[in-house]
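K.L.:
The structure under discussion is supplied below as structure tokens; questions concerning it will follow.
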Amino acid sequence: MKRTLMAMTVTMFSLVLLAGCNTMAGAGKDIQKAGDKIEGAAKG
């Protein structure tokens, strides 16, 4: 019982971390696109 509970806890923690990484990757791409647009507007 204790082993199963520990395995479930580790699995849930891992899923939360992976979801967080995907969110941060998406935010990074959005920021990069915004930077590209600002750079393009500054050039001309």
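Bear in mind that the values in this text are calculations on the coordinates, not laboratory data. Because the structure is a prediction, the values reported are computed rather than measured. Every residue, glycine among them, receives a Cβ derived from its backbone with ideal geometry; neighbour counts consider all protein chains shown.
K.L.:
Once both axes come from the Cα atoms, what is the angle between helix 2-43 and the longest principal axis of the chain, in degrees from 0 to 90, rounded to 10?
P.N.:
Orientation of helix 2-43: about 0 degrees from the principal axis.
K.L.:
Which one of Thr23, Gly44, Ala34 has its Cα pushed farthest toward the positive end of the charge dipole of the chain, where Lys and Arg give +1 and Asp and Glu give -1 at the Cβ?
P.N.:
Value: Thr23.
K.L.:
For Rg and Dmax of the Cα atoms in Å, pick the label among (i) 18.7, 64; (ii) 16.2, 49; (iii) 19.3, 65 that corresponds to the value derived from the coordinates.
P.N.:
(iii)
K.L.:
Just from its helices, what would the mean residue ellipticity at 222 nm be for the chain, if runs of 4 or more DSSP H residues each count -39500 (n - 2.57) and the sum is divided by every residue, rounded to the nearest 500 deg cm²/dmol? Spell out each step's value before the answer.
P.N.:
Numbers: 1 runs with 42 residues, N = 44.
After summing the helix terms and dividing by the residues of the chain, the value is -35500 deg cm²/dmol.
K.L.:
Nothing charged except the Cβ atoms of Lys and Arg (+1) and of Asp and Glu (-1): what's the magnitude of the dipole of the chain about its Cα centre? Round to the nearest 20 debye. If you can, show how the numbers build up before the last one.
P.N.:
Values: 6 positive and 3 negative charges, 40 e Å.
That gives the chain a dipole magnitude of about 200 debye.
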